[in-house]
1. Could you let me know the centre-to-centre spacing of segment 112-140 and segment 190-246, using Cα atoms, in angstrom?
2. Given +1 on the Cβ of Lys and Arg, -1 on the Cβ of Asp and Glu, and no further charges, what dipole in debye does segment 81-192 carry about its Cα centre, rounded to the nearest 20?
3. Convex hull over the alpha-carbon atoms of segment 1-60: what's its volume per residue in Å³?
4. Using a 1.4 angstrom probe, figure out how much accessible area segment 55-146 has per residue, in square angstrom, rounded to the nearest whole.
5. Which whole-number percentage describes the relative contact order of segment 4-85, with Cα contacts under 8 Å and a sequence gap of 6 or more?
6. Stick to the Cα atoms of segment 38-180, pair each with every other, and give me the Kirkwood hydrodynamic radius in Å at one decimal.
7. Name the shape class, rounded, prolate or oblate, that the alpha-carbon gyration tensor gives for segment 4-108, where a ≥ b ≥ c are the square roots of its eigenvalues, rounded holds for a/c under 1.5, and otherwise prolate holds if a/b is larger than b/c and oblate otherwise.
8. Answer with one residue from 167, 3, 118: the one whose Cα lies farthest towards the positive end of the charge dipole of the chain, charges on Cβ with Lys, Arg +1 and Asp, Glu -1.
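The values are calculated or read from the model by the stated rules, or taken from the named source; none is laboratory data. Since the model is a prediction, treat every value here as computed from it, not as a measurement. Positions of Cβ are backbone-derived with ideal geometry, glycine not excepted, and every protein chain shown enters the neighbour counts. In case anyone asks, the SASA skips ligands and DNA or RNA and just uses the protein heavy atoms, side chains included. Shrake-Rupley method; radii C 1.70, N 1.55, O 1.52, S 1.80 Å.
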Amino acid sequence: MPTIDQAKRLVQNRSNIVVLTGAGMSAESGIPTFRQAPRGLWAEYSPEHLATPEAWQADPALVWGWYLWRMGLVRAAVPNAGHVALAMAAETHTIRIVTQNVDDLHERAGSGDVLHLHGGLFAHRCFACARPHGEVAIPDSGTTPMRVEPPRCAHCGGLIRPGVVWFGENLPEAAFTQAVAASAACDLMLVVGTSGIVHPAAGLPLVARDAGAAVVEINPLETELSAVAHVCVRGSAAAVLPEVLG
Ligand code: APR
């Protein structure tokens, strides 16, 4: 039986589904994945370098410029058919989305209660006092200069930083605790668009499998998590999810 039919059958007879998504979930919305060659003026920079406290301390304007560029990309993007299929499936199944993505495309597709393990691109806060900061002006992604001085905190004057989790920083405790509990309680986990390289998020499929859930990977390529999955559907999120959830 083709893997997509196996996945469809698993969805049909399971009711408590957790969906772990990564950058591949938003690829068909035009958002470059982390390990795909980055596009545009940032081609010579690696996310692993820029998404770090060290890069921020060394050159906050460069890091802030990179995030403004990414905010512009996300603002210009629209949820793809995969995001929409997940939102619609919540009408007939218990669907809990646990995402490594910092974009808001799941929410804009209509999914509620999305657990963001790596923070959010639009949840800015003060680097010094951690107070949340409001909206910032987001230039069109095609015109963002490389260096933009970050805004200052109205309370303490500290620099405003992106509300994402940088390499070396801890994940938001509440979100991760909920994600582990949901993974241990689900009867099916869909793993969509992640290379499975970055822990602890990448450990969640094994938590689900060890707890007796079926695990289905949806990814055009083999990944670190393929061996954990019971079924591997080699296809894209926007093509496969509407089929599997429909
Ligand atoms: N549909 C499904 N999967 C896709 C698609 C698509 N259209 N296009 C690409 N992919 C897959 C790739 O094959 C790859 O396995 O998406 C995955 C993207 O992997 P990464 O770029 O490593 O992104 P991700 O797994 O989300 O990275 C995890 O690492 O850089 C940090 O914090 C960052 O959250 C990120 C984390």
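1. 27 Å
2. Charge dipole of segment 81-192: 380 debye, to the nearest 20.
3. 142 Å³
4. On the way: 3780 Å² over 92 residues.
Dividing the accessible area of segment 55-146 by its residue count gives 41 Å².
5. Numbers: 37 pairs, mean separation 24.4, N = 82.
It rounds to 30 percent for segment 4-85.
6. Details: mean 1/r = 0.0615 Å⁻¹.
That comes to 16.3 Å for segment 38-180.
7. Judged from the Cα gyration tensor, segment 4-108 comes out prolate (a/c at least 1.5, a/b above b/c).
8. The one lying farthest along the dipole's positive direction is 118.
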